[in-house]
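Chemist: Below is a structure I'd like to ask you about.
The values are calculated or read from the model by the stated rules, or taken from the named source; none is laboratory data. Just so it is clear, the model here is predicted, and its values are computed rather than measured. Here the Cβ is made from the backbone with ideal geometry for all residues, glycine too, and neighbour counts use every protein chain on show. SASA here: full protein model, heavy atoms, side chains in, ligands and nucleic acids out. Shrake-Rupley method; radii C 1.70, N 1.55, O 1.52, S 1.80 Å.
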Amino acid sequence: MARTERTFIAVKPDGMNRGILGNIISRFEAKGYKLVGIKTLVPSKQLAEEHYSALKEKPFFKDLVDFITSGPVCAMVWEGEQVVVTARKMIGETNPLSSAPGTIRGDFAVDVGRNVIHGSDAVETAQREISLWFEQGELTAWEPTSAVWIY
Ligand code: RTP
């Protein structure tokens with residue numbers, strides 16, 4: 001299938017504590033994407049710093065790492081056509097106040113430091129993040145046995 005790819009999605013501790021994980025998963029399922037990996041964890045400082053290594057010179061880096069390690073994260077891998085760029089559209093802008101209603105951040109967040117969800121920003125980034133958060137054996141390649149008109 002053309003342009004089938006995978007992206008890394010993480011529901012951050014604010015999203016987990018507010019109980020909106022199911023709503024977020026439903027949006028990706030309803031869109032037509034396929035869940036191929038999922039787990040909950042409290043990320044270690046080492047994992048958080050590696051994940052956000054591109055931002056280590058930013059003034060908010062310490063707060064960002066403190067926040068993402070402060071509670072549970074749901075790490076997921078979603079698969080489908082152009083899922084990387086489409087997930088970013090579904091998520092909205094980094095600042096929730098700039099995010100349109102109908103996007104995840106537009107519907108659920110107001111604070112840039114508590115913006116509920118992360119999604120990879122490019123196919124290469126997704127590959128790096130998936131291998132950082134998941135072992136190969138934790139991912140499941142599967143084909144739907146019904147609704148073949150989607151995939
Ligand atoms: P993410 O990586 O979490 O998906 O977010 P993003 O691509 O939309 O934004 P990025 O620039 O990668 O920033 C990562 C996270 O850092 C927090 N942030 N705080 N205080 C600030 O000005 C500021 N800017 C960014 C946000 O929580 C953002 O999601």
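Chemist: Given bins 10 angstrom wide, list per bin the percent of all Cα-Cα distances in the stretch 74-127, short to long.
Modeler: Spelled out per bin, shortest first, that is 26, 51, 23, 0.
Chemist: Additional query: Work out how much length LYS31 to LYS89 would gain on full extension: take 0.36 nm times their residue separation and subtract the Cα-Cα distance, in nm to one decimal.
Modeler: Values: separation 58, 0.36 × 58 = 20.88 nm, distance 1.19 nm.
The LYS31-LYS89 span can extend by a further 19.7 nm.
Chemist: Okay, next question. What shape does the stretch 62-102 have by the C-alpha gyration tensor, where a ≥ b ≥ c are the square roots of the eigenvalues, rounded means a/c under 1.5, and otherwise prolate means a/b greater than b/c and oblate the rest?
Modeler: Numbers: a/c = 2.79, a/b = 1.32, b/c = 2.10.
In terms of gyration-tensor shape, oblate.
Chemist: Let me ask something else about it. So if I place +1 on the C-beta of Lys and Arg and -1 on the C-beta of Asp and Glu, and nothing else carries charge, what would the dipole magnitude of the stretch 1-82 be about its Cα centre? I want it in debye, nearest 20. Please list the in-between numbers first.
Modeler: Values: 12 positive and 10 negative charges, 26 e Å.
About 120 debye.
Chemist: Kindly state, to the nearest 0.05, the FRET efficiency for GLU135 paired with LEU97, given R0 = 41 Å and r defined as their beta-carbon distance.
Modeler: Details: r = 37 Å, r/R0 = 0.91.
For GLU135 and LEU97, the calculated efficiency is 0.65.
Chemist: With a 1.4 Å probe and all protein chains left in place, how much accessible area per residue does the chain have, in Å²? Could you put the intermediate results ahead of the total?
Modeler: Numbers: 8230 Å² over 151 residues.
Computed with neighbouring chains in place, this is 55 Å² per residue.
Chemist: Please report the base-10 log of the normalised intensity I(q)/I(0) for the stretch 6-141, using a Debye sum with one equal scatterer per alpha carbon and no solvent, at each q in 0.09, 0.10 (1/Å).
Modeler: Each listed q corresponds, in turn, to -0.23, -0.29.
Chemist: OK, next. Take the cross-link list LYS31/LYS89; LYS12/LYS45; LYS45/LYS89; LYS12/LYS39 and give me the ones stretching past 18 Å between alpha-carbons.
Modeler: Numbers: LYS31/LYS89 12 Å; LYS12/LYS45 14 Å; LYS45/LYS89 28 Å; LYS12/LYS39 12 Å.
Those over the limit are LYS45/LYS89.
Chemist: How high is the relative contact order of the chain, in percent, counting Cα pairs under 8 Å that sit 6 or more residues apart? If you can, show how the numbers build up before the last one.
Modeler: Details: 239 pairs, mean separation 52.0, N = 151.
So the answer I get is 34 percent.
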